[in-house]
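> A single structure is presented below for examination.
The values are calculated or read from the model by the stated rules, or taken from the named source; none is laboratory data. If you're wondering where the values come from, they're calculated on a predicted model, not measured in any experiment. Positions of Cβ are generated from backbone atoms using ideal geometry, with glycine treated the same way; all protein chains shown enter the neighbour counts. Note: accessible area is taken over every heavy atom of the protein model, side chains too, but ligands, DNA and RNA are not part of it. Shrake-Rupley method; radii C 1.70, N 1.55, O 1.52, S 1.80 Å.
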Amino acid sequence: MFSKILIANRGEIALRIIRACREMGIKAVCVYSEADKFGPWLDIADEKYCIGPAPSVKSYLDISRIMAAAEVADVDAIHPGYGFLSENAHFAEVCQSSGISFIGPSPEAIRLLGNKAKARELAVKVGVPLLPGTKELVADDKEAIEIANDIGYPVIVKAAAGGGGRGMRVAHNEIALVNGFLQAKSEAATAFKDDGVYIEKYLERPRHVEIQIIADSGGNYVYCGERDCSLQRRHQKLVEEAPSPIMTPELREKMGAAAVTLCKAANYVTAGTVEFLVDKKGNFFFMEVNTRIQVEHPVSELVTRTDLIQAQIMAAAGEKLPFTQADVEVRGHAIEVRINAEDPDNGFRPSPGKITDLFIPGGPGVRWDSHIKVGYTIPPNYDSMVGKLLVFAKDRPAAIARMRRALGEFVIEGIKTTIPLHQRIMQDANFIKGDVDTGYIENVLLAR
Ligand code: MV4
């Protein structure tokens with residue numbers, strides 16, 4: 001096992017990884033930017049190294065500065081968290097060639113599954129269900145029209161190098177398709193330096209259901225149930241829950257098996273998420289693979305009684321996972337709400353600043369994954385998420401009641417947060433029925 005790990009991240013996920021390390025008897029080293037000098041997670045780390053100024057490109061995204069700190073601290077491994085360098089194949093490669101374990105997938109697996117068109121091709125090959133669409137990249141608008149006529153409108157043009165909703169265009173007719181094709185292509189060229197695009201049938205108002213995977217190098221592949229992440233705004237998830245309100249044991253087994261098949265075919269070791277869209281009839285279609293630990297992983301931890309960060313560390317160290325598929329049973333219900341320093345009454349404008357008062361909910365079935373404290377100033381330089389409030393209860397109604405209770409206890413003064421929006425969601429009749437889709441927040445809740 002590793003004796004020292006460097007955490008190439010900040011905020012709540014840095015703290016989450018420190019906690020996993022401490023329970024495993026591993027020393028945790030943090031790197032931080034000048035903007036994060038007073039980050040509360042640094043007080044808990046075993047060592048800390050300032051690696052540069054506030055802008056991410058000069059600190060959390062600067063591979064040479066991170067590797068210099070790793071060298072000085074003499075670590076065995078690097079955990080990238082989510083965002084920043086977590087899905088950067090080159091970074092994984094640099095770690096490897098420096099003799100430091102990257103706690104994540106191999107560079108090859110990141111390159112294969114991180115490219116949505118290649119992942120799609122692999123899914124076709126191994127028989128994972130997909131929406132009708134292209135087998136390869138689309139060369140020009142003429143070909144795009146032929147494909148769309150073939151599969152029928154509406155269609156969606158997606159950037160192969162995109163993900164999480166970036167570089168997508170929906171088209172309901174030929175004119176919109178030609179425009180969308182050219183727009184998606186040039187946007188992808190600028191944003192990802194890769195202008196490859198592909199086309200799929202567009203599914204209206206789907207549910208977003210993702211399967212959590214964890215695998216070790218001994219070929220033990222386990223799916224830890226699903227998460228329903230349908231409640232989101234502009235591709236930013238707001239609420240995540242497990243199990244999905246639409247799930248059945250049969251559907252879970254089918255989706256889990258499909259996700260495992262795909263990850264096995266890519267030789268994927270570590271934690272990962274296979275994202276699907278599900279239609280009103282319960283048909284599921286593969287979308288993309290997130291080759292990192294995700295923000296919402298604790299939802300799966302609560303319903304499967306696992307520690308996914310510890311499992312990632314074990315897998316990276318070449319150890320066996322402490323469980324197999326037969327041990328993993330989904331029990332109870334978990335809900336996570338993302339508390340962002342944003343003002344829901346002002347277009348979700350970021351609201352960084354000093355926390356002047358704080359009361360954190362607790363009691364039965366409540367988990368708070370966050371790095372904030374009174375007197376801490378949230379810097380304006382990074383993501384606005386300041387914490388994740390989770391509840392766990394015996395079933396969905398009890399979990400909703402518990403979340404209402406916990407949100408009611410919460411006091412965060414000095415900044416605006418998404419807490420009032422979450423209170424609205426937890427009282428919403430459609431949410432309570434479990435009857436929401438990916439358009440619900442924008443088209444219904446915020447349109448009222
Ligand atoms: C789609 C789709 C409908 N049809 N693909 C957005 C994120 C990316 N992972 C895939 N996305 C979508 N792909 C087809 N063929 C609708 C979305 C989509 C969406 C998906 C999940 C969660 C929220 C979403 C919001 C808008 C669109």
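> Which percent of the accessible area of the stretch 230-319 is formed by carbon and sulfur heavy atoms (probe 1.4 angstrom)?
Accessible surface attributable to carbon and sulfur in the stretch 230-319 totals 48 percent.
> Taking θ as phi - 60°, what are the ³J(HN,Hα) couplings along the stretch 299-313 by the Karplus curve (6.51, -1.76, 1.60), each to the nearest whole Hz, with x for Gly and Pro?
4, 6, 4, 5, 7, 10, 6, 10, 10, 6, 6, 4, 4, 4, 5
> Given the peptides 76-82, 208-214, arrange them by the average over their residues of other C-beta atoms within 10 Å, most packed first.
Highest to lowest by the protection proxy: 208-214, 76-82.
> Please compute the net charge surrounding residue 19, taking Lys and Arg as +1 and Asp and Glu as -1 over other residues with Cβ under 10 Å from its Cβ.
Values: positive: 16, 22; negative: 23, 307, 369.
Every neighbour counted, the sum reads -1.
> Can you give me the solvent accessible area of residue 233 with a 1.4 Å probe, rounded to the nearest 10 Å²?
40
> Another one. Just to confirm my numbers, what's the Cα centroid distance between the stretch 297-312 and the stretch 338-359 in Å?
28
> How many Å² of accessible area per residue for the chain, probe 1.4 Å? Could you put the intermediate results ahead of the total?
Working: 18110 Å² over 448 residues.
Normalised by residue count, the accessible surface of the chain is 40 Å².
> Once the mean 1/r over all distinct Cα pairs of the chain is inverted, what Kirkwood radius in angstroms do you read off? Working shown, then result.
Details: mean 1/r = 0.0442 Å⁻¹.
It is 22.6 Å.
> Between the stretch 12-49 and the stretch 110-185, what's the alpha-carbon centroid distance in Å?
Measuring centre to centre over Cα atoms gives 40 Å.
> Could I ask something else about it? Taking only C-alpha pairs under 8 Å that are 6+ residues apart, what is the relative contact order of the stretch 65-222 in percent? Show your work: numbers first, answer last.
On the way: 215 pairs, mean separation 28.0, N = 158.
Rounded, it is 18 percent for the stretch 65-222.
> Which order do the peptides 341-350, 84-93, 54-63 take when ranked by the mean count of other beta-carbon atoms within 10 Å per residue, highest first? Provide the component values of the computation, followed by the final result.
Values: 341-350: 15.7, 84-93: 20.6, 54-63: 17.4.
So the peptides 341-350, 84-93, 54-63, ranked by packing, come out 84-93, 54-63, 341-350.
> Let me check I've understood the local charge: for residue 361, count other residues with C-beta under 13 angstrom from its C-beta, Lys and Arg +1, Asp and Glu -1. What total comes out?
Here the count lands on +3.
> Using helices alone, what [θ] at 222 nm do you get for the chain, with -39,500 (n - 2.57) per DSSP H run of 4 or more residues, divided over all residues and rounded to the nearest 500? Let's see the in-between values first.
On the way: 14 runs with 150 residues, N = 448.
Helices in the chain give a 222 nm mean residue ellipticity of -10000 deg cm²/dmol.
> Rg to Rh for the stretch 264-356: what is it, with Cα atoms only and Rh by Kirkwood?
Working: Rg = 17.6 Å, Rh = 16.6 Å.
Reported Rg/Rh (Cα atoms, Kirkwood Rh): 1.06.
> Which order do the peptides 351-364, 267-280 come out in when sorted by mean C-beta neighbours inside 10 angstrom, highest first?
On the way: 351-364: 13.7, 267-280: 21.7.
Peptide ranking by packing, descending: 267-280, 351-364.
> While we're on this one: Can you tell me the relative contact order of the chain? Whole percent, Cα pairs under 8 Å, sequence separation 6 or more. All intermediate terms of the calculation are to be shown ahead of the outcome.
Values: 966 pairs, mean separation 64.3, N = 448.
About 14 percent, as a whole number.
> So what's the stretch 132-201 giving for Rg/Rh, alpha carbon basis, Kirkwood Rh from the mean inverse pair distance?
On the way: Rg = 10.6 Å, Rh = 11.4 Å.
Rg/Rh for the stretch 132-201 comes to 0.92.
> Could you work out, for the stretch 319-445, what percent of all Cα-Cα pairs fall into each 10 Å distance bin, beginning at 0 Å and stopping at the bin that holds the largest distance?
Pairs per bin, as whole percents: 11, 37, 32, 16, 4.
> What net charge do the residues around residue 298 carry, taking every other residue with its C-beta under 11 Å from that of residue 298, with Lys and Arg at +1 and Asp and Glu at -1?
Working: positive: 16, 227, 367, 388; negative: 12, 240, 296, 301, 307, 336, 369.
Summing Lys/Arg as +1 and Asp/Glu as -1 gives -3.
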